[in-house]
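Worksheet for the structure shown next.
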Amino acid sequence: MDVKTIGVIGAGQMGNGIAQVAAAAGFQVIMNDISQEFCERGLATIKNSLGRLVKKEKLSNEQLEAILGRIKLSTDMGDMAGADFAVEAATERVDLKLDIFRKLDGVCRPDVVLSSNTSSISITKIAGATKRPELIIGMHFMNPVPMMKLVEIIRGLATSDETHALTKDLALKMGKTPVPANDYPGFIANRILMPMINEAVFCLMEGVGEAKDIDEVMKLGMNHPMGPLALADLIGLDTCLAILEVLHQGIGDSKYRPCPLLRKYVDQGWLGRKSGRGFYQY
């Protein structure tokens, strides 16, 4: 299938990043969210990101304008009828994602692949909400999308070889490195990453170390570019909690139980960078 237009559902930190790399790769993009305000905020983030590349002389002003010109904003899911491939990048909630896929299934052409940027939820479960399970696949980008090379490609039980090949090809065209992962809770990246973040939160809760010291140990001792608590703030503590709950419920092992302090921060609304406060203040 010749993909020219990519629909992105969600204009948040993941959605606008996916829209940016797709437009930069030459695709027309329909970036959809529930309100014009969210769409405009996502577009502003893209402009800022591209603007930094112009300042570094990695992009010309003409290229910036061309990329922005390929992005159309939308608050109507019906606009996805014009997409040749769709990427869902909404909040990590099962009910929300299933509802979006039911709507996409009714709006998009029958031959269009519907992918999810979910970081933990079963692709097979998502596919079960549609009438095209062979065309459902996971396309898990990393945050921040414009900088990170990895895209996990996750096949559901019924995902076809053609769907997998097309999705892998699109990831390559966007300048990413596709890596296959099987459809288990958390896939590969978050099954390994989230227990590390969760254990760092337990260390903070139990007084093993202060946040900055826990992060400094992991940066200097394990050569990580940033510490687990700072990374959790970047990802969003609500997202971390949601992924851990999927891991705990889906695998049934107590080692994945979310730390009570993480849950308390989320209850308080301290979600990390996006709220101005998490394990650090911003």
Residues of the range 161-193 satisfying the condition of being buried (at least 17 other Cβ atoms within 10 Å of the Cβ) and hydroxyl-bearing (Ser, Thr, Tyr): 163, 167
Kindly establish whether residue 227 is farther than 11 Å from residue 278 by Cβ and either in contact with a Pro (Cβ under 9 Å, 6 or more places away or on another chain) or buried (at least 23 other Cβ atoms within 10 Å of the Cβ) (or both). yes
Among residues of the range 97-114 being touching an Asp or Glu at 6+ places or on another chain (Cβ under 8 Å) and among the hydrophobic types (A, V, I, L, M, F, W, C), the residue surrounded by the most Cβ atoms within 10 Å (Cβ to Cβ) is 114
Can you name every one of the helices (runs of 4 or more DSSP H) wholly within the range 204-277 that holds 3 or more residues which are touching a residue at least 12 places away in the same chain (Cβ under 8 Å) and over 21 Å from the mean Cα position of the chain (by Cα)? 211-222, 260-268
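Do the conditions hold for residue 200, that is, is it in a helix (DSSP H, G or I), surrounded by 14 or more Cβ atoms within 10 Å (Cβ to Cβ), of a type in the set (Gly, Ala, Ser) and out of contact with any Lys or Arg (no Cβ under 8 Å at 6 or more places or on another chain)? Walk me through it before giving the result.
Working: in a helix (DSSP H, G or I): yes; surrounded by 14 or more Cβ atoms within 10 Å (Cβ to Cβ): yes; of a type in the set (Gly, Ala, Ser): yes; out of contact with any Lys or Arg (no Cβ under 8 Å at 6 or more places or on another chain): yes.
Answer is yes for this residue.
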Just one of (1) within 28 Å of residue 239 (Cα to Cα); (2) touching a residue at least 12 places away in the same chain (Cβ under 8 Å) trips up residue 48, so point out which. (2)
Could you check, for the range 256-279, whether at least one of its residues is exposed (fewer than 15 other Cβ atoms within 10 Å of the Cβ) and under 15 Å from residue 193 (Cβ atoms)? no
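Among the residues of the range 155-180, write down those that are more than 27 Å from residue 2 (Cβ to Cβ) and in contact with a strand residue (DSSP E or B) (Cβ under 7 Å, 6 or more places away or on another chain). Steps first, answer last, please.
Let us first name the residues in the range 155-180 that are more than 27 Å from residue 2 (Cβ to Cβ), namely 157.
None; the set is empty.
Laboratory data are not the source of any read-out in this text; all were calculated from the coordinates shown. Computed from a predicted structure; not experimentally measured. Backbone-built Cβ (ideal geometry, glycine too); neighbour counts: all protein chains shown.
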